[in-house]
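Computed from the coordinates by the stated procedures, all read-outs in this text should not be read as laboratory data. In this text the structure is predicted, and so the values were computed from the model without any measurement. Cβ sites come from the backbone with ideal geometry, for glycine too, and all protein chains shown count toward neighbours.
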Amino acid sequence: MAEIEFESEEILREIEEAPSPAALEEIRIRALGRRGALTLAMRELRALDAEARPSAGAALNAAREAITAALGAAEARLSRTVLEERLKRERADTTLPVSFAPEGRIHPISQAFDEVVAIFGEMGFRVVEGPHIEEDFYNFTALNIPPEHPARQEHDTFYFEPRADGTRRLLRTHTSPMQVRTMLKEKPPLRIIVPGRTFRCDHDATHSPMFHQVEGLVVDRETHMGHLKGCLIDFCRAYFGLEDLAVRFRPSYFPFTEPSAEVDIGCSRKGGELKIGKGGDWLEILGCGMVHPRVLENCGIDPGLYQGFAFGMGIERVAMLKYGIPDLRAFYDGDWRWLKHHGFLPLDIPSLVRGSLAGP
Amino acid sequence: MKTTFAWLKTHLDTEALLSAIADRLVMLGHDVESVEDRARPLEGFVVASVLTCARHPDADRLKVCTVDTGRERVEVVCGAPNARAGMKGVFAPPGRVIPRTGAVLKESVIRGVASRGMLCSAYELGLGEDHEGIIELSQEAPIGASYASLLGLDDPLLDVKVTPNRADCLGVRGLARDLAASGIGRLKPLAGTAVPGCFSSPIRVHIEDLSACPYFLGRTIRGAKNGPSPPWLQKRLEAIGLRPISALVDITNFITFDQGRPLHAFDAARVSGDLVVRFGRVGESLPALDGKEYALDPEMTAIADERQVLSLGGVIGGEASGCSEKTTEVFVEAALFDPIRTASTGRRLNIASEARYRFERGVDPAFVESGLQIATRMILDLCGGEASEIVVAGREPEWRRRYLLRAGRVGSLGGLEVGPEESGRLLEALGFSVERRESGDLAVEPPSWRGDVEGEADLVEEVLRVKGYDEIPPLSLSRGEALPRPSLSPQRRRSELVRRTLAERGLVEIVTFSFIARREAELFGGAKPELRLANPLSADLDQMRPSLLSGLLVAARKNADRGFADNALFELGPAYEDDTPEGQRLVAAGLRSGKSGPRDWQNPPREVDFALVKADALAALSAMGAPVERIEARADPPAWYHPGRAASLLLGPKSLGAFGELHPAILEALDLRQKAAAFEVFLDAVPEPRARPRARPLALSPFQPVERDFAFVLDRDVPAQRLFAAARAVDPKLVAQIRLFDVYEGAGLPEGKKSLAITVRLEPQERTLTDSEIEGFSKRLVAAVEKATGGKLRA
């Protein structure tokens, strides 16, 4: 026997035309399977003459390679078709709504505190906090407010029942007691701000029995009223985000400062709408002054050597002005709708260097 | 403190415009609350004469008048019964706004007759309640003149907020003095001369306690005729809101506002014997000029005659000795009363009189006699009569004192360099006496009316005030170093992290009052007496809160009432354990009520439960850097929680907070209908990390991790944390994570049992685990868990 009969053309054509992976598999078995045509043909090689064997073997090998390659190509073609058909079936309505908006909010009071701290922090102030239940000494006496002062009467200050020793605790009426506590504890130079709750016997549309203040205190050897002005002008402009905001200082009176001043910022009231900035009108925003020598003395600091300034500011007030919140009482009402509207996102952390202070 | 512009100009010689005066007052420290142009509402309303007045052809009650407005003659239809030819009235041309109604007057045709304007009633102009007839003016009123100026309303009213230290500016003259010192005009000299007495006063004065009333001057004026005061005086008082009463009373009121010097006039005929200034006696009472009767006590300063108390010194006069139209003999009092006693008397009796307002702030001790002389002169001028000699009790208190204003101190404290020469001049303009020293220092004596000046800092303020705070050049604060240091303490930084962590978890921050109703406090751990307000605004706000939960519950209930039943709220604030600084604890508390969220096709909501708030609490603790894996949930929550579905959070023996469903009784007490779960975390109790922990080196294993699932059937009451502790302990190095993926109770399990299914992830560090190693681990884990929990691996 000198030759082996094998025709690959027919098989290659069938592969080309195979309609499905199953049909292709059937062809593969028919050609290359254990009883496949090519497999059987290969077995016949052994029966050939030694001279005829190499050429016959080469022909069969070539046929095998051609079939294998054709199978691979057909398989790729067919799986592409299968994928295409699958993708034709797979569909989603991508217009379905999804929840992505964060639900939580930061209260405007907290946000305003953080903004104030972000600004004064850059000026080297440190935050301190203190007790709400205070003693006469820290809240009044040391601050040069004498016992007969109207602020010490029951219609202004919340008192607790007298203790066994006759003393009465009270709810601090301002954050100023922390000036006293800090000066008694630490040595100058001092640069602190005190955010916190304060309390007064007042409840109407524009007064709440509890509200928040930020107190500021600077004590060293050289700080004077020019620094007080510079510090608060810098603050007001940074806080309201207006570089040319007009800031006015006018004389006023507080028992714990001398000289004292009230600070106004420029605004417009055109058409009954209040707008911070230009407009020729003024809006009172905080009180301040040089620390009264008697207060320094009461706190064990020599007023012959040291001096400085203090200021106090209502947080709700500056928050209302900046964020355009009309009603004070809503701050404490816990109304979900109000909080959603006026609250801040948790990642909205105020920072001067990031430029992430809320705009006016 | 109110004044009109014209009144101010009786003391201040100035060409300045009103706006400039108002601005200067503000910059002197006298905030101008309002400037009211009282003439504006009556602009265009003029004096007119009625030339003819005939019956309306078609209406019995109407008249047709020809009116001369000074500019033209017009016909108007008028219904007033008093309209008649020859009278003068107030005419409003079309286009004017009627003050009472705010309506714009239009030309109209009334029953066929054109009416081109209106004759006005006092009612229509907002000047009175009389709408029966039109205003009738005197024949002298000039036709065409502005009715507002005829009324004296063309004098604008200034309302000035005088700070409590500036008692001297509670008189028009004080404001004028400050303005003059600032260079906007010249202070006019005080007019009038002393009136010598021509008889000896039949009434004398004795003071029992000079600390209550150090100085008292008085004199009798006899033969006076009391009656209405002249129009200029009435207008002045009316302009600032005072009702004219009679000449004698009006004069004392006028001097109170004009000079800041309160006076009192007794009807001398109604005084028996001498006056004694003494303390009140228990049982005494004073029917006062305000129509009320006040009970006196020994703390109050009374002025009495032989029979009864006639007035409360410095506070209010008495009805019995008050001046009336019939008064002919008057005893005028000019005295000084102790500010503190005056204030406390006024406060306790709730009398807010102009006299009290001034005495409690301190009136000029050197202006007692001048005040009395001015009053005498006015009484003689307006009422006639003759004055007695002045009777004196006590003496003028010493008010002279000196302070040094060091050279350069205005600059070093005030930030504005003002030389000693200029400082001296400015102080002198304010009435201070200045002695200039060679060194540049000034020895300064404040004037008698400036009791508020107490030292060098006050003198600096005076110089700056008159120079203007605007002149002080602002200087930015220097930090002294290039970079800022942290401004928050580690504690505050941690609590800020907690705040934003909770918000990030979907909770909305609220702020509620530190005080709550006592009843609510009792629900949350008690209402201690030392935390009870003695003078609360209302019984709802009388107790310092022991917990933040009541505020959260109230907010949730209010939101539910508004239609938002599903709440996720938190507050970060104080709770009060006692009245010491240490008793004030910083707490983060949160409340979830109703459902865990809105209905959503992706994340179906569920009823709120302990697990939601446990996650909140642990997130807060984790944000603070607390060792969360060592925190134990112990089933003994505070009483306001559900006893079976809540727990305390403990770190060793230390309580860090609690979480869980709230007790149904609490929800009922606070009227919340939804299920609610809450947490409290005591931020101060969380131990501070000792130092910033150095990051552990990260070992990334190249070997394949393995996960195996196990389910155990346990008694229902066996806590899961026992299972986890046992599983973790089997091989802590190998076990990277254990997650609970199923909890089951019910069909297929025996009563009282639960099944917990966990996935354990093993991360080998040295080589890939073999099947037999995994098998061995699993056996050890099952054994350990079964031993620790008494449970069985679920088949």
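With 24 Å as the limit on Cα-Cα distance, the pairs of B:K614/B:K754; B:K9/B:K88; B:K63/B:K106; B:K9/B:K235 that go past it are B:K9/B:K88. For the stretch B:369-423, the list of trypsin sites (Lys or Arg not before Pro) that fall in a loop by DSSP and count at most 16 other C-beta atoms within 10 angstrom reads B:R395, B:R400, B:R401, B:R402.
With a Förster radius of 45 Å applied to the C-beta separation of B:K558 and A:E90, the computed FRET efficiency comes to 0.40. Extending 7 Å from the Cα toward the beta-carbon at both A:R53 and B:Q704 defines two label points whose distance is 4.4 nm. Counting Cβ atoms of other protein chains within 10 Å of each residue's Cβ and taking the mean over peptide A:243-253 gives 5. Other protein chain C-beta atoms within 10 Å of residue C-beta, averaged over A:163-171: 2.
With the Cα gyration tensor of the stretch A:108-347 giving a ≥ b ≥ c as the square roots of its eigenvalues, does the rule (a/c under 1.5 for rounded; else a/b larger than b/c for prolate; else oblate) give rounded, prolate or oblate? It is oblate, given that a/c is not under 1.5 and a/b is not larger than b/c. With R₀ set to 45 Å, the beta-carbon distance separating B:E398 from A:H203 gives a calculated FRET efficiency near 0.50. Across peptide B:532-540, the average count of Cβ atoms from other chains found within 10 Å of a residue's Cβ is 5. Centre-to-centre separation between the Cα atoms of the stretch B:673-749 and those of the stretch B:1-47: 76 Å.
Sketch the reach of a paramagnetic label on A:A69 as a point 7 Å from Cα along Cα-to-Cβ, and name the residues of the stretch A:12-28 whose backbone nitrogen lies under 15 Å away. Inside the label zone: A:12-13, A:16. Using the rule -39500 (n - 2.57) for each DSSP H run of four or more residues, divided by the residues of chain A, the 222 nm mean residue ellipticity is -11500 deg cm²/dmol.
Ignoring aspartates and glutamates fewer than eight residues from A:K187 along the same chain, the ones with Cα atoms less than 12 angstrom from its Cα are A:D220, A:D302. For the residue pairs A:K340/B:K528; B:K753/B:K787; A:K270/A:K340; B:K733/B:K787; A:K229/A:K322, the C-alpha atoms sit more than 24 angstrom apart in A:K340/B:K528; A:K270/A:K340.
The trypsin sites (Lys or Arg not before Pro) of the stretch B:674-771 that DSSP puts in a loop, and whose beta carbon has at most 12 other beta carbons within 10 Å, are B:R690, B:R694, B:R716, B:K733, B:R767.
Per residue, the convex hull spanned by the alpha carbons of the stretch B:1-156 comes to 132 Å³. For the stretch A:293-360, divide the Cα radius of gyration by the Kirkwood radius and give the resulting Rg/Rh value with two decimals. Using Cα coordinates only, the ratio equals 1.21. Loop-located GluC sites (Glu not before Pro) in the stretch A:164-260 (DSSP state other than H, G, I, E, B) with a sparse environment of at most 15 neighbouring Cβ atoms within 10 Å: A:E186, A:E222, A:E243.
Here the gap between B:N535 and B:K188, fully extended at 0.36 nm per residue and compared with their Cα-Cα distance, gives a gain of 119.9 nm. Would you mind counting up the charge near A:A330? Only other residues with Cβ under 15 Å from its Cβ, with Lys and Arg at +1 and Asp and Glu at -1. Here the charged neighbours net out to +1. Full extension of the chain segment joining B:T52 with B:A295 gains 81.3 nm, where the gain is 0.36 nm per residue of separation less the Cα-Cα distance. Enter the Cα centre distance for the pair the stretch A:118-168 and the stretch B:536-551, rounded to the nearest angstrom. That distance is 20 Å.
I want to make sure I understand the PRE zone here: with the label point 7 angstrom from the Cα of A:R168 toward its beta carbon, which residues in the stretch A:202-244 have backbone N atoms less than 18 Å away? Answer for this model: A:202. For chain B, averaging the sequence separation of C-alpha pairs within contact (under 8 Å, six or more residues apart) and dividing by the residue count gives a relative contact order of 8 percent. Applying 0.36 nm per residue to the separation of A:E148 and A:L347 and subtracting their alpha-carbon distance, the gain on full extension is 66.8 nm. Per-residue Cβ neighbour counts within 10 Å put A:R77, A:R34, A:R200 in the sequence A:R34, A:R77, A:R200, beginning with the fewest. When only alpha carbons are used to place a centre, the stretch B:278-303 and the stretch B:581-651 end up 62 Å from one another.
The per residue volume of the convex hull around the alpha-carbon atoms of the stretch B:697-795 is 97 Å³.
Contact order, relative form, for chain A: 16 percent (alpha carbon pairs under 8 Å, 6 or more residues apart, mean separation divided by residue count).
At q = 0.06, 0.08 Å⁻¹, what is the log10 ratio I(q)/I(0) for the protein assembly as shown, with the Debye formula run over Cα points and no solvent? Here the Debye-derived log intensity ratios amount to -0.72, -1.07. Annotation: amide H-H contacts under 5 Å for B:V32 (H modelled 1.01 Å from N, sequence separation of 5 or more, or interchain): B:V26, B:K161. Across the stretch B:1-36, the residues whose backbone nitrogen lies under 14 Å from the label position 7 Å along the beta-carbon direction of B:W232 are B:6-11. Using equal-weight Cα scatterers in the Debye expression, the normalised intensity of the stretch A:9-89 in log10 at q = 0.14 Å⁻¹ is -0.53.
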